[in-house]
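K.L.:
Got a structure here, written out as structure tokens. Questions coming.
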Amino acid sequence: MRILLCTGGSPHGQAALRLGASLAQGSPEAATLLGVVEQQGDRPLVERALEEGRKWLAGAPQPRIQIREGHASEEILAEAARESYGLLVVGTRGRRGITRFLLGSTAERIVRQATVPVLLVQGERGSVERMLICTAAGEPGLASVESGGRVAQLAGAQVTVLHVMSQVLATPVLPPAGALQVMPQTPAPPDEPRGQIADLKASAKQLMKDGTPEGMHLEQALGILTGLSVPAEARVRHGLVIDEILAEIYDGDHDMVVVGSRPAKG
């Protein structure tokens with residue numbers, strides 16, 4: 001995997017550079033170190049940051065060093081489009097006085113417009129040992145598993161594949177006897193939806209055993225990771241998607257989270 005490591009010289013940019021360099025150590029392909037100078041006076045800072053990054057890559061294939069002047073997101077996206085990268089790494093905060101590597105500005109624009117996987121690094125993280133890959137049903141979800149699995153392969157990390165099932169009842173709830181009904185009550189469907197309600201409470205193991213669509217999707221995800229020689233387990237949580245992902249992050253003490261997104265157009 002070819003990795004693009006980006007920094008503007010800030011502490012958060014260097015934290016991203018350090019973690020990205022640790023991943024690049026596991027790749028047979030040379031990484032690219034990209035420093036973006038947004039104000040002319042920042043050039044010495046960026047040069048020192050890139051030299052530090054070169055040291056962190058000692059033992060890896062000789063990196064390609066690039067310095068660009070301009071708006072951070074524009075220069076990063078241009079470099080990502082210029083070459084064939086498998087991963088783009090940026091920090092989520094920067095220092096005052098420059099356009100910040102901050103989710104909501106530079107980093108958000110990169111995530112929305114990049115056509116390659118993006119790793120946002122928040123804070124210091126010395127290594128990646130446990131990774132959470134969140135997947136929805138279908139090909140986009142499996143694409144997230146594939147991308148996350150390749151990063152886990154570089155890091156030597158163990159993966160938990162998470163699928164969240166929403167708690168939407170498959171059958172209508174009848175009102176109490178005598179209650180006013182503004183709309184006619186829809187009759188309850190046959191028995192099949194009751195099996196669907198049971199699925200909403202089932203574990204990943206049970207879903208895979210029963211051959212449900214969610215279970216087959218999880219089996220496909222585990223098969224992708226097995227093919228990459230990445231140790232993995234599947235988990236299912238039930239409830240609101242964001243709440244359950246956050247709960248799993250903290251319960252499992254994960255070092256990295258993989259979530260799919262759709263690139264913006266225009």
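The values are calculated or read from the model by the stated rules, or taken from the named source; none is laboratory data. Being a predicted model, the structure only gives us computed values, none of them experimental. As a convention, Cβ positions derive from the backbone with ideal geometry for all residues, glycine included, and neighbour counts pool all protein chains shown. The area values use the complete protein model at the heavy-atom level, side chains included, leaving out ligands, DNA and RNA. Shrake-Rupley method; radii C 1.70, N 1.55, O 1.52, S 1.80 Å.
K.L.:
Looking at G148, G156, which one is surrounded by fewer than 18 Cβ atoms within 10 Å (Cβ to Cβ) and among the small types (G, A, S)?
P.N.:
Answer to the check: G156.
K.L.:
Right, another one. Could you check how many residues of segment 117-170 are in contact with a helix residue (DSSP H, G or I) (Cβ under 6 Å, 6 or more places away or on another chain), closer than 19 Å to L4 by Cβ and assigned to a loop (DSSP other than H, G, I, E, B)?
P.N.:
3
K.L.:
Just the residues that are over 25 Å from the mean Cα position of the chain (by Cα) and part of a loop (DSSP other than H, G, I, E, B), please, taken from segment 20-62.
P.N.:
Result: E38, Q39, A58, G59, P61, Q62.
K.L.:
Mind checking which residues of segment 233-258 are surrounded by 14 or more Cβ atoms within 10 Å (Cβ to Cβ), outside any helix (DSSP H, G or I) and under 16 Å from the mean Cα position of the chain (by Cα)?
P.N.:
Across segment 233-258, the qualifying residues are H254, D255, M256, V257, V258.
Residue by residue, here is whether (1) open to solvent by less than 60 Å² (accessible area, probe 1.4 Å); (2) within 17 Å of T106 (Cβ to Cβ) holds:
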| position | (1), (2) |
| --- | --- |
| I3 | yes, no |
| G9 | yes, yes |
| R43 | no, no |
| L50 | yes, no |
| W56 | yes, no |
| E69 | no, yes |
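K.L.:
If a residue must be among the hydrophobic types (A, V, I, L, M, F, W, C) and over 17 Å from the mean Cα position of the chain (by Cα), how many such residues does segment 7-16 contain?
P.N.:
Here the count works out to 1.
Here is a yes/no grid of residues against (1) at pLDDT 75 or above; (2) farther than 25 Å from V151 by Cβ; (3) of a type outside the set (K, R); (4) surrounded by fewer than 15 Cβ atoms within 10 Å (Cβ to Cβ):
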| residue | (1), (2), (3), (4) |
| --- | --- |
| P184 | no, yes, yes, yes |
| D199 | no, yes, yes, no |
| H217 | yes, no, yes, no |
| V230 | yes, no, yes, no |
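K.L.:
Across segment 1-19, what is the number of residues that are in a loop (DSSP other than H, G, I, E, B) and closer than 22 Å to A152 by Cα?
P.N.:
2
One line per residue, one yes/no per condition, for (1) over 14 Å from the mean Cα position of the chain (by Cα); (2) modelled with pLDDT of 95 or more; (3) surrounded by 15 or more Cβ atoms within 10 Å (Cβ to Cβ):
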| residue | (1), (2), (3) |
| --- | --- |
| R64 | yes, yes, no |
| R93 | yes, no, yes |
| R96 | yes, no, no |
| V111 | no, no, yes |
| V116 | no, no, yes |
| L120 | no, no, yes |
| S127 | yes, no, no |
| A136 | no, no, yes |
| A143 | no, no, no |
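K.L.:
Could you list, in sequence order, all residues of segment 63-90 that are among the acidic types (D, E) and assigned to a helix (DSSP H, G or I)?
P.N.:
E74, E75, E79
K.L.:
Quick one: is A30 modelled with pLDDT of 95 or more and open to solvent by 10 Å² or more (accessible area, probe 1.4 Å)?
P.N.:
It is true that A30 is modelled with pLDDT of 95 or more and open to solvent by 10 Å² or more (accessible area, probe 1.4 Å).
K.L.:
Being of a type in the set (G, A, S) and without any contact (Cβ under 8 Å) to a residue 60 or more places away in the chain is the filter here; which residues of segment 25-80 pass it?
P.N.:
A30, A31, G35, G41, A49, G53, A58, G59, A60, G70, S73, A78 - these are the residues of segment 25-80 that are of a type in the set (G, A, S) and without any contact (Cβ under 8 Å) to a residue 60 or more places away in the chain.
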